[in-house]
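Asker: Mind looking over this structure? Questions follow.
FYI, it's all coordinate maths here, none of it is from the lab. Predicted, not measured: the structure shown is a model, and the values here were computed from it. Virtual Cβ from ideal backbone geometry, glycine too; neighbours counted across all protein chains shown.
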Amino acid sequence: MYRKPILLVGNGARSAGAADLIYQFAKKTNIPVLTTMNAVDLVQDEMRIGFIGTYGNRVANMILAETDLVISVGARLGLRQIGNKRERFAPKAKLIRVDIDQNELSRSIKDDEEKHLVDAADFLRELLSKDFPDCSEWRKHCIEAKNILDGKDNLIGNDVIEKIGSLLPYNPIVTVDVGQNMCWCAQSLVLKGKEGRILIGGSYGSMGCGLPYAIGASISRNNGLTFCITGDGGLQMNIQELETVVREKLPIKIFVLNNHVLGKISEIQFGSYGCRYAQTTAASGYTVPDFEKIAMAYGIKAKTLSSYVELDSCIGWLEDNEPCLINITLPEDTLLIPKVKWETGKMLPEIEDELQIMAENILKS
């Protein structure tokens, strides 16, 4: 009998049309549900705990370390999710993998894992028809640990995303670019309602995909209201598409998280290469234009904010039927945490204080 099972869902579960089945199974069994980065919007409201992996929520990775059963549905379980040493992935757990791609199942994460080459929706329907133990007590412990650690890792990037999330309407469509902003959104963007979407680049789009995603999402919904979160580097990859936004009269609201550096790469250069920056900072060959002026040249109303706390002044812009660009200034040394260190599998920064220990003890009990 497994005492601490989790359901781990990836974007393949959505592709299979299994979103409602995930909720049904979770409601029936009270099993904690974790996600991959690409699937963070599959689990919202009170069911949301977090996503796993290199830049995953600390509590989600802690739960993964304590679980004794992982039911993985539609998740690729690539290196960013399991790390470079497979024995570190859910070390105490039995692994059940469900995938429609035989090539994904051809590689093993655990020697004794159980593999099912089957459609995710069909698998979940079968699970729903079976008796499954109630996981209320274990889920209660997971939520207690989550509540203890909520906000503990927040840096300014997370605070910006939480602020943006608080201003969005119910069930919004949000597209996210590749870079630090992608990870901050996966960690901290909580939508109101259950029908919203967070369209994350992930493995599907390279840096610069945020604005094209937003254009496609808006057009596919008869020029519907769409929100785009991008970085200064990502926007410059496809900045010419601002003309498409204007020409097609698309009500796309663009948030630029502008720290004037290629943040994700410069952070690696800082942490792993002795601050040897190359084409990522102003001093090493990367610069940023005045996005407000550029947007206005295209005919898009725009504003530059010195701090995300000024976002309240833009509420009216987020509700009308016109495109806009809000350029949010961030410090150049804005960091992305927590991060699982590749070499050791430990989360950085390592914290050993009373709250961390309390959360760990709850999950171990």
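Asker: If a/c stays under 1.5 just call it rounded; otherwise compare a/b with b/c (prolate if a/b is bigger, oblate if not). Do that for the range 134-293, with a ≥ b ≥ c from the square roots of the Cα gyration tensor eigenvalues.
Answerer: It comes out oblate by the Cα gyration axes.
Asker: Take peptides 306-315, 74-83 and line them up by average Cβ neighbours within 10 Å, highest first, as a rough protection proxy.
Answerer: 74-83, 306-315
Asker: Another question about this same structure. Please turn the phi angles of the range 146-162 into ³J(HN,Hα) values with the Karplus equation 6.51 cos²θ - 1.76 cosθ + 1.60 (θ = phi - 60°), one per residue in order, whole Hz, x for glycine and proline.
Answerer: Once rounded to whole Hz, the list reads 4, 5, 5, 8, 3, x, 5, 9, 5, 10, 4, x, 5, 5, 4, 5, 4.
Asker: Okay, next question. Computed FRET efficiency, Cβ-Cβ of Met1 and Asp159, R0 35 Å: what is it to the nearest 0.05?
Answerer: 0.25
Asker: Find the relative contact order for the chain and round it to a whole percent, using C-alpha pairs within less than 8 Å whose residues are 6+ positions apart.
Answerer: 16 percent
Asker: Please give the FRET efficiency for Ile268 paired with Ser220, using the beta carbon to beta carbon distance and R0 = 30 Å, rounded to the nearest 0.05.
Answerer: Rounded to the nearest 0.05, the efficiency is 0.30.
Asker: Considering only C-alpha atoms, what is the centroid distance from the range 330-351 to the range 144-191, in Å?
Answerer: 16 Å
Asker: Another question, then. How many angstrom lie between the C-alpha centres of the range 44-61 and the range 204-230?
Answerer: The range 44-61 and the range 204-230 have Cα centres separated by 24 Å.
Asker: Go through the range 115-124 residue by residue and turn each phi into a ³J(HN,Hα) via Karplus (6.51, -1.76, 1.60, θ = phi - 60°); whole Hz please, and just put x for glycine and proline.
Answerer: Karplus-based 3J(HN,Hα) across the range 115-124 equals 10, 10, 8, 7, 5, 4, 5, 4, 5, 5 Hz.
Asker: A follow-up question, please. Show me the GluC sites (Glu not before Pro) within the range 127-209 that DSSP assigns to loop and that have at most 15 other Cβ atoms within 10 Å of their Cβ.
Answerer: Of the GluC sites (Glu not before Pro), the ones in loops of the range 127-209 whose Cβ has at most 15 other Cβ atoms within 10 Å are Glu195.
Asker: Test of understanding: what is the full-extension gain from Lys249 to Lys152, defined as 0.36 nm times their sequence separation minus their Cα-Cα distance?
Answerer: Gain in length upon complete extension: 30.8 nm.
Asker: Kindly rank 5-16, 340-351, 286-297 from highest to lowest mean number of other beta carbons found within 10 Å of each residue.
Answerer: Answer by packing, highest mean first, reads 5-16, 286-297, 340-351.
Asker: Which of the lysines could be linked to Lys301 by a straight reach, that is with a Cα gap under 23 Å, when you skip same-chain ones fewer than 8 residues away?
Answerer: Correct list for Lys301: Lys163, Lys249, Lys253, Lys293.
Asker: I've got another one for you. Counting only residues 5 or more places away or on other chains, whose amide H sits under 5 Å from the amide H of Thr304 once H atoms are built in the peptide plane?
Answerer: The list, which skips near neighbours in sequence, is Asn327.
Asker: Order 59-69, 215-225, 114-124, 180-190 from most to least packed using the mean count of other Cβ atoms within 10 Å.
Answerer: 180-190, 59-69, 114-124, 215-225
Asker: Is the shape of the range 71-151 best called rounded, prolate or oblate, per the rule: a/c under 1.5 gives rounded, else a/b larger than b/c gives prolate, else oblate, with a ≥ b ≥ c the square roots of the Cα gyration tensor eigenvalues?
Answerer: Oblate.
Asker: Shape call for the range 163-231 from the C-alpha gyration tensor, a ≥ b ≥ c root eigenvalues: rounded (a/c under 1.5), prolate (a/b greater than b/c) or oblate?
Answerer: oblate
Asker: Taking every DSSP beta bridge that has both residues in the chain, what percent is antiparallel when rounded to the nearest 5?
Answerer: 5 percent
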